[in-house]
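A.B. asks: My structure is below; once you've seen it, I'll send some questions.
Any read-out appearing in this document is the output of simple, stated calculations on the displayed coordinates, not a laboratory observation. Keep in mind that what you see is a predicted model, and the values were worked out from it rather than measured. With ideal geometry, Cβ positions are generated from the backbone for all residues, glycine too; neighbour counts draw on all protein chains shown.
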Amino acid sequence: MKMYTSKAYVYLRFYGEDFRPIELTSLINIDPTSYGQKGQRGQYGVYKECFWQKKLKKTSALDELDDSILKLISIFKDKIPSLKDFMKKHNVKAKYFVVIKAKNNEDVGVCMGIDVIRFLNELGASVEVDVYNC
């Protein structure tokens, strides 16, 4: 039997023209996995906007991706009122990313249940799903 090798990860990113990521960290008491200021040099060049993001570790795209999606939401679920106030005050947007690294022509997919849709709607976040064939 062939072993499934495709991997996936999820992250939630807050981004905007001018805000201090450290303020967001203090407000919600969650440490980001990465953040940056507009104009700062990063791994892939100069940042064009400020950002704060929380990324979960890579998991199997077959049987652990749905759990990762729900886990990331559970981290932020109780913070929505504070996040919405911060987003409005600083003109910050949110985007939920699902990244799948497909291998060996394996079939991959993502399913977002009603709890995920409710969370994204309440937060006002957009969604981006990226699939890379490795």
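A.B. asks: Checking the cross-link filter: which aspartates and glutamates have an alpha carbon closer than 16 Å to that of Lys79, excluding same-chain neighbours under 8 positions apart?
C.D. replies: Counting by Cα, and skipping residues close in sequence, Lys79 has these aspartates and glutamates nearby: Glu23, Asp31, Asp115, Glu122.
A.B. asks: Go through region 55-61 residue by residue and turn each phi into a ³J(HN,Hα) via Karplus (6.51, -1.76, 1.60, θ = phi - 60°); whole Hz please, and just put x for glycine and proline.
C.D. replies: After applying 6.51 cos²θ - 1.76 cosθ + 1.60, I find 10, 9, 5, 4, 9, 5, 6 Hz.
A.B. asks: In the chain, with Lys and Arg counted as +1 and Asp and Glu as -1 at Cβ, which of these residues, Val116, Thr33, Tyr96, has the Cα nearest the positive end of the dipole, that is, farthest along it?
C.D. replies: Thr33
A.B. asks: Contact order normalised by length for the chain, with contacts defined as Cα pairs under 8 Å and 6 or more residues apart; what percent is it? All intermediate terms of the calculation are to be shown ahead of the outcome.
C.D. replies: On the way: 237 pairs, mean separation 44.1, N = 134.
Relative contact order here is 33 percent.
A.B. asks: Past 28 Å, Cα to Cα: identify those pairs from Lys38/Lys103; Lys7/Lys89; Lys7/Lys77, in the order given.
C.D. replies: Working: Lys38/Lys103 35 Å; Lys7/Lys89 37 Å; Lys7/Lys77 25 Å.
As for pairs spanning more than 28 Å Cα to Cα, those are Lys38/Lys103; Lys7/Lys89.
A.B. asks: Counting pairs of Cα atoms in the chain, how many percent are more than 25 Å apart?
C.D. replies: Values: 2699 of 8911 pairs.
Result: 30 percent of Cα pairs exceed 25 Å.
A.B. asks: Now, a different point. What does the extension gain come out to for Thr5 and Glu17, with contour length at 0.36 nm per residue minus their alpha carbon separation? All intermediate terms of the calculation are to be shown ahead of the outcome.
C.D. replies: On the way: separation 12, 0.36 × 12 = 4.32 nm, distance 3.82 nm.
My answer for the length gained is 0.5 nm.
A.B. asks: Still on this model: Listing Phe97, Phe119, Phe14 from the residue with the fewest other Cβ atoms within 10 Å to the one with the most, what is the order?
C.D. replies: Working: Phe97 17, Phe119 21, Phe14 25.
Neighbour counts put them in this order, fewest first: Phe97, Phe119, Phe14.
A.B. asks: Continuing with the same structure: Hey, got the dipole for the chain? About the Cα centre, +1 on K and R Cβ, -1 on D and E Cβ, debye to the nearest 20?
C.D. replies: Numbers: 22 positive and 17 negative charges, 80 e Å.
That gives a dipole near 380 debye.
A.B. asks: With bins 5 Å wide starting at 0, give me the P(r) of region 1-56 over every alpha carbon pair, in whole percents.
C.D. replies: 4, 17, 23, 21, 12, 7, 5, 5, 3, 2, 0
A.B. asks: Now for a separate question. Within a 10 angstrom radius of the beta carbon, how do Ile69, Ile30, Ile117 rank from fewest other beta carbons to most? Don't jump to the answer; show the numbers that get you there.
C.D. replies: Working: Ile69 22, Ile30 14, Ile117 11.
In order of increasing Cβ crowding within 10 Å: Ile117, Ile30, Ile69.
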